[in-house]
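**Q** Input: one structure, supplied below.
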Amino acid sequence: MRYDLTGRTLLVTGAARGIGAQLARAAAARGARVALVGLEPERLRRLGAELDAHWHECDVTDQAALDAAVASTVDRFGGIDVVVANAGIANLGTVATGPVDALIRTVEVNLGGVIRTVSAALPHVTEARGHVLIVSSAAAFTAMPGMAAYCASKAGVEQFANVLRMEVRHRGVTVGTAHPIWIDTDLVRDIHDDLASFRGALRRLPWPLSTVVPVDRCVAALLRGIERRSRKVYVPRSLAVVQALRPVVLSGFTDALVARFGGADLVGQMEEEVRRLGRSFGRSSVGG
């Protein structure tokens with residue numbers, strides 16, 4: 001049965017741009033009341049005015065700020081039916097050459113931020129017998145040089161959701177994870193523009209791992225997943241096969257294949273490019 005969003009309250013983190021902003025627009029168009037949480041107040045203000053939405057500036061690694069964002073949403077709308085834990089960043093570079101603080105910051109935002117967001121909103125979602133959508137990634141079941149912290153955090157996000165689902169099912173709460181591949185957002189465009197090594201790697205990846213998906217297509221899939229209270233959302237759907245083949249994808253055979261197709265050269269090029277950039281995050285990353 002379709003979970004009708006009309007009149008329901010949807011809280012979205014990472015809502016200032018990209019997937020979060022477009023999902024907020026799509027949900028509002030379905031009649032949902034939307035609360036926007038993010039780190040760019042001017043963007044949030046404009047989007048809030050566009051959608052007649054509530055907004056709150058908030059770093060998802062700050063529990064007090066998240067608690068305040070949830071409380072202000074409940075004050076405005078009377079409760080929360082759906083929480084979408086979407087905020088995420090990706091550091092640039094390898095473990096050997098990247099600042100450790102950048103690696104840790106990626107994990108703190110992507111995994112710690114999800115845990116904090118869900119913990120803050122869960123009592124209200126439970127009261128509403130609502131839905132939690134946690135945005136993981138295809139990186140949860142794949143691996144690529146330069147993405148150690150990102151892949152680790154997204155795999156952690158998926159496992160957090162898997163356990164949470166078991167813990168809250170008897171309370172009428174459903175939990176879904178979304179696994180997008182490369183989505184045409186500022187985060188991916190920044191990496192694409194900054195690193196020729198990334199562009200080269202993307203060309204070498206097999207389908208569907210080389211696919212760049214328009215953000216509106218991703219949002220349509222996420223919204224459909226919320227309305228169906230789906231356990232898993234893959235963008236594109238063919239990623240379900242990749243996850244089923246995870247033992248092969250993460251096997252020694254794949255390691256050897258990557259090495260054969262210039263893995264060492266790719267890593268060296270990436271490390272040099274990041275050194276020249278002089279920064280650990282894309283231009284659009286906030287809080288990175």
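The values are calculated or read from the model by the stated rules, or taken from the named source; none is laboratory data. This is a predicted model, so every value here is computed, not measured. Counting neighbours? That spans all protein chains shown, and the Cβs are built from the backbone with ideal geometry, glycine included. Surface areas here come from the heavy atoms of the whole protein model, side chains and all, with no ligands, DNA or RNA. Shrake-Rupley method; radii C 1.70, N 1.55, O 1.52, S 1.80 Å.
**Q** Averaging over every viewing direction, what projected area does the convex hull of the Cα atoms of the stretch 1-133 cover, in nm²?
**A** Details: hull surface 33.5 nm².
Hull-based average projected area comes out at 8.4 nm².
**Q** Calculate, for the stretch 80-129, the solvent-accessible area per residue in square angstrom, rolling a 1.4 angstrom probe over the heavy atoms of the protein chains.
**A** Numbers: 1850 Å² over 50 residues.
Value for the stretch 80-129: 37 Å² per residue.
**Q** Oh, and also: Just how large is the dipole of the chain about the Cα centre, in debye to the nearest 20, putting +1 at every Lys and Arg Cβ and -1 at every Asp and Glu Cβ?
**A** Around 1020 debye, computed over the chain.
**Q** From the residues Q63, V213, G172, which one has its Cα farthest along the dipole of the stretch 9-277 in the positive direction, the dipole being from +1 and -1 charges on Cβ of Lys/Arg and Asp/Glu about the Cα centre?
**A** G172
**Q** Right, another one. Taking the highest mean first, how do the peptides 181-190, 85-94 order by number of other beta carbon atoms within 10 angstrom per residue? Before the final figure, lay out each step's value.
**A** Details: 181-190: 20.0, 85-94: 25.7.
Final packing ranking: 85-94, 181-190.
**Q** Oh, and also: log10 I(q)/I(0), Debye, Cα-only the stretch 138-288, no solvent, q = 0.11, 0.18 Å⁻¹?
**A** Scattering profile of the stretch 138-288, log10 relative to I(0): -0.49, -1.22.
**Q** In whole Å, what are the extents of the stretch 95-141 along the principal axes defined by its C-alpha atoms, from largest to smallest?
**A** Result, largest extent first: 47, 22, 8 Å.
**Q** Please find, in a Gaussian network model of the chain (springs between Cα atoms separated by less than 10 Å), the residue of V175, V258, V114 whose mean-square fluctuation is greatest.
**A** V258
**Q** Let me check the size of the chain from its C-alpha atoms; what are the radius of gyration and Dmax in Å?
**A** 18.6, 58
**Q** Can you pull the accessible area of D255 for me, 1.4 Å probe, Å² to the nearest 10?
**A** Answer for D255: close to 100 Å² accessible.
**Q** How much accessible area per residue does the stretch 145-259 have, counting only protein heavy atoms and a probe of 1.4 Å, in square angstrom?
**A** Values: 5550 Å² over 115 residues.
That works out to 48 Å² per residue.
**Q** Beta carbons within 10 angstrom, averaged per residue: use that to sort the peptides 200-212, 62-74, highest first.
**A** Descending packing order for the listed peptides: 62-74, 200-212.
**Q** For the charge dipole of the stretch 9-277, defined by +1 on Lys and Arg C-beta atoms and -1 on Asp and Glu C-beta atoms about the Cα centroid, which residue among G48, L222, A201 has the Cα displaced farthest towards the positive pole?
**A** L222
**Q** By average Cβ neighbour count within 10 Å, what is the ranking of 100-113, 136-149 from highest down?
**A** Details: 100-113: 19.9, 136-149: 22.1.
Final packing ranking: 136-149, 100-113.
**Q** Quick one: with all protein chains in place, what share of the accessible area of the chain is carbon or sulfur, to the nearest percent (1.4 Å probe)? All intermediate terms of the calculation are to be shown ahead of the outcome.
**A** Numbers: 7020 of 12790 Å².
Ligands and nucleic acids excluded, carbon and sulfur reach 55 percent.
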